[in-house]
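Notes to accompany the following structure.
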Amino acid sequence: MKISEERKKQIIIYLLEKIYQKHESISKTVMEAFDINQNTVHRYINQLVDDGVIRRVKRGQYELVSNVHEYNITKGEKTMVDDTVAYTRYLSPLIQEFGNNVQHIWNYTFSEMMNNVIDHANAEKVSIIVEQNYLSTTAIIVDDGIGIFQKIKEYFNFETLEEAIGELFKGKLTTDAKNHSGEGIFFSSKMMDDFFIVSSGKIFTTNKFDNTRIIDMASENTKGTIVLMKLSNYTNKEAKEVFDLYANVDGGFIRTRIPLKNFFETSPVSRSQAKRVCNRLEKFKEVILDFDGVDWIGQAFAHQLFVVFAKEHQDITLHPENMNQDISKMYNHVLLQ
């Protein structure tokens, strides 16, 4: 039976994913998944080797071939004052063969991150690194500026870097409200398969499974900011679908999601901790509070959040999710007081 071009593409992508995952018994796995014979699988593998998509490491083991493109920009160059020039010159030529949805996502995210460097970082130098294999494209933007977390901390007078990073989970955060909406990082992080910001010894990271974390690095003396974005070359996601998750019918950014486990090292108990969560929530109409990974909450925390804040902002709807039994009990307790 002749294999269609579409099915062949599916087989090759699946095969390459297994190679990337260093899966054992690749041929057998692909044969069983698509009900094809071993000769067909080996023919595809040999063709991928000949085309330079993969290379043999040893008998029966392969790895994806990546191409790396690196560009260095200084403040005096035109690309430091125009994010669209940077996208058109450095990234767009490398992704033109992919779907329009992939190009739209990269156009938005890369331009937004470059715009942040241009307008906020006070950087003298920027490096752009694009690493690409058959399955995915990774763009890394490195600047030598003030550092995004430090700038947010200083501008809003937060006590700690963790508070500054926590605000990124909400969105609509900007140090230049006159010229920026503060939506770029929030939506860019939701569109990418993997998204990292590294600055001031901290890492803000999220991925396509919506697993979002703050990670401490060994050294806090890192200067500037590193943004890493990775996206499948064959993703089916659309930029509009991501916007629609957090917008109303008129397209307004009205909804946000807060993973509470990232705000506190231990279970939150105090009113002051609740006030940290509530900071700037008046900018939204709907707030999803995700309690996944939180074991327990104190009465004062729950009362401040679900009673005091809720009564003072009756136009804002709070949606608690993933509450365990103990948290549900405390939630119901404060509501019945």
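The values are calculated or read from the model by the stated rules, or taken from the named source; none is laboratory data. Computed from a predicted structure; not experimentally measured. Here the Cβ is made from the backbone with ideal geometry for all residues, glycine too, and neighbour counts use every protein chain on show. Calculation scope for accessible area: heavy atoms of the full protein, side chains included, ligands and nucleic acids excluded. Shrake-Rupley method; radii C 1.70, N 1.55, O 1.52, S 1.80 Å.
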Show the residue pairs that are 6+ apart or on different chains and have beta-carbon atoms under 7 Å apart, the first residue being within the range 199-217 and of a type in the set (Val, Ile, Thr), the second being surrounded by fewer than 16 Cβ atoms within 10 Å (Cβ to Cβ).
203/215; 203/217; 205/213; 205/215
Touching a Gly at 6+ places or on another chain (Cβ under 7 Å) and small (Gly, Ala, Ser) - does that describe any residue in the range 253-274?
yes
All but one of (1) within 26 Å of residue 75 (Cβ to Cβ); (2) in a strand (DSSP E or B) hold for residue 137; state the number of the condition that does not hold.
(1)
Residue 177: passes all of (1) open to solvent by 10 Å² or more (accessible area, probe 1.4 Å); (2) in contact with a helix residue (DSSP H, G or I) (Cβ under 8 Å, 6 or more places away or on another chain); (3) at pLDDT below 80 but (2)
Among the numbered criteria (1) out of contact with any strand residue (DSSP E or B) (no Cβ under 8 Å at 6 or more places or on another chain); (2) modelled with pLDDT of 95 or more, which one does residue 133 miss?
(1)
Odd one out for residue 111 among (1) touching a strand residue (DSSP E or B) at 6+ places or on another chain (Cβ under 9 Å); (2) small (Gly, Ala, Ser); (3) within 21 Å of residue 183 (Cα to Cα)
(1)
Here is a check on your reading of the model: is residue 333 farther than 25 Å from residue 161 by Cβ and either open to solvent by less than 80 Å² (accessible area, probe 1.4 Å) or without any contact (Cβ under 8 Å) to a residue 12 or more places away in the chain (or both)?
no
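Only one of 125, 170, 190 is out of contact with any Ser or Thr (no Cβ under 6 Å at 6 or more places or on another chain), in contact (Cβ under 8 Å) with a residue 12 or more places away in the chain and not acidic (Asp, Glu); which? Step through it out loud before you land on a result.
Numbers: 125 fails: out of contact with any Ser or Thr (no Cβ under 6 Å at 6 or more places or on another chain); 170 fails: out of contact with any Ser or Thr (no Cβ under 6 Å at 6 or more places or on another chain).
Only one candidate qualifies: 190.
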Given the criteria under 30 Å from residue 10 (Cα atoms), open to solvent by 30 Å² or more (accessible area, probe 1.4 Å), at pLDDT below 85 and not in a helix (DSSP H, G or I), does residue 211 qualify?
yes
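Among the listed residues 2, 8, which satisfies the condition of being basic (Lys, Arg), surrounded by 13 or more Cβ atoms within 10 Å (Cβ to Cβ) and more than 30 Å from residue 115 (Cβ to Cβ)? Lay out the reasoning, then the answer.
On the way: 2 fails: surrounded by 13 or more Cβ atoms within 10 Å (Cβ to Cβ).
Testing whether each residue is basic (Lys, Arg), surrounded by 13 or more Cβ atoms within 10 Å (Cβ to Cβ) and more than 30 Å from residue 115 (Cβ to Cβ) leaves just 8.
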Test result for residue 265, open to solvent by 60 Å² or more (accessible area, probe 1.4 Å) and touching a residue at least 40 places away in the same chain (Cβ under 8 Å)
no
Restricting attention to the range 286-305, report how many residues are open to solvent by 20 Å² or more (accessible area, probe 1.4 Å) and either in a helix (DSSP H, G or I) or more than 26 Å from residue 211 (Cβ to Cβ) (or both).
4
Can you pull out the residues in the range 253-285 that are touching a strand residue (DSSP E or B) at 6+ places or on another chain (Cβ under 8 Å) and polar (S, T, N, Q)?
256, 262
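Take residues that are over 23 Å from residue 133 (Cβ atoms), of a type in the set (S, T, N, Q) and modelled with pLDDT of 90 or more and tell me which of the helices (runs of 4 or more DSSP H) falling wholly in the range 1-89 contain 1 or more. Steps first, answer last, please.
Values: elements: 5-20, 26-34, 38-50, 83-86.
So the answer is 38-50.
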In the range 128-152, which residue that is touching a residue at least 40 places away in the same chain (Cβ under 8 Å) and among the charged types (D, E, K, R) is most open to solvent (accessible area, probe 1.4 Å)?
131
Pairs returned, first residue in the range 50-68 that is more than 14 Å from residue 19 (Cβ to Cβ), second residue that is part of a strand (DSSP E or B) and aliphatic (A, V, I, L, M), beta-carbon separation under 8 angstrom, 6 or more apart or interchain, are 68/129; 68/130
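So which of 294, 242 is touching a Lys or Arg at 6+ places or on another chain (Cβ under 6 Å) and within 29 Å of residue 126 (Cβ to Cβ)? Don't jump to the end; show me each part of the working.
On the way: 294 fails: within 29 Å of residue 126 (Cβ to Cβ).
Testing whether each residue is touching a Lys or Arg at 6+ places or on another chain (Cβ under 6 Å) and within 29 Å of residue 126 (Cβ to Cβ) leaves just 242.
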